[in-house]
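Taking it in order: structure first as structure tokens, then the write-up.
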Amino acid sequence: MKFAVLVFPGSNCDLDMYHAIKDELGEEAEYVWHDTKDLSGYDGILLPGGFSYGDYLRCGAIAQFSNVMSEVKKAAEAGKPVLGICNGFQILTEAGLLPGALLRNKNLKFMCRSVELTVENNSTMFTSEYAKGEVIQVPIAHGEGNYTCDSETLASLKANNQIVFTYTNDNPNGSVEDIAGIINERGNVLGMMPHPERAVHEMIGGTDGLALFKSIVKQWRESHVSHA
Amino acid sequence: MRKVKIYVTLRESVLDPQGSAVMGALHTMGYGEVADVRIGKYLELQVDDSERELDVIVKEMCEKLLTNTVIEDYRYDVEEAVTK
């Protein structure tokens, strides 16, 4: 399976993402610059964390108009897996690919530590390798991860099982309903503030993030390779 | 040429942690009269005259890029820019 790791000016988790895919997962990955106008050769699209365009105006606001974003929308419409982590999540909400928005953390601090997440929905292409209700350890590093949305959106997120990850005990940013990650209605665009790509090796504090990437690959193999 | 002054604030329904922190500081300083603080952004645009209606393009720019209407409100004033 071939992943595109999008690179915006100011992305800084692109290397971690690339490493997770290439070295830990053993799949193909390429860095793709933000002005690229064609993503048709990739099976999965990854939007890494960082501070695209210096977080000017709002996090993710300027990146949403990069050339590559219209290609990301096409990939999402085609049903390909699209994963946005941290700043990638912020970009996906700004671009309207996911509902809601990310506000400044409630305590106004940049939070950088490991958190416990509960897998609320394991029937997505990103979480099938987890158990429902499983608690995993994944690092966070953000100043604006306070997920918010209006009450109608929240009700529909709940009704459609779109809340995929929640903070287990200790919500670090004040997000509504302890939300850490959500998926679109169709189930192929996931955004989350925590960094699973930084939890792929025992040496760096755990491997709980690996199952997320394995889930994507498994789903892709089942839907592609079996027909070959 | 006209000058467009755009004021962006968090929507009433959205908690403003920065505003709350500043209000706390003002209260500590003895300004107990302050009942609420909302922190926003101020943008100034110099816009050349064109065949496009100013209100239409300002609205478009605000809603596409300059604000996120999920969490923010905006209003704007237009002034004739003083030519030097």
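Every read-out reported here was derived from the displayed coordinates using simple, explicitly stated rules and does not represent laboratory data. All figures in this text were calculated on a predicted structure; none of them were measured in a lab. Using ideal geometry, Cβ is built from the backbone for each residue, glycine included, and neighbour counts are taken over all protein chains shown.
Values computed for the structure shown
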item: Segment A:39-160: mean projected area of Cα convex hull, nm²; result: 8.5
item: Intensity falloff of segment A:107-200 expressed as log10 I(q)/I(0), Debye formula with alpha-carbon point scatterers, at q = 0.25 Å⁻¹; result: -1.44
item: Size of electric dipole in chain A: Cβ of Lys, Arg +1 and of Asp, Glu -1, about Cα centre, debye, nearest 20; result: 260
item: Surface/4 of the Cα convex hull for chain B, nm²; result: 7.5
item: Segment A:117-124 - phi-based ³J(HN,Hα) in whole Hz, Karplus 6.51/-1.76/1.60, Gly and Pro as x; result: 10, 9, 7, 7, 9, 9, 9, 9
item: Distance (nanometres) between label positions extended 7 Å along Cα→Cβ at B:ASP36 and B:ASP77; result: 2.1
item: Equivalent ellipsoid dimensions for chain A as semi-axes, Å, which come from the Cα gyration tensor, largest first; result: 23, 20, 18
item: Proximal charge balance of A:LYS37 [Cβ under 12 Å; K/R count +1, D/E count -1]; result: -2
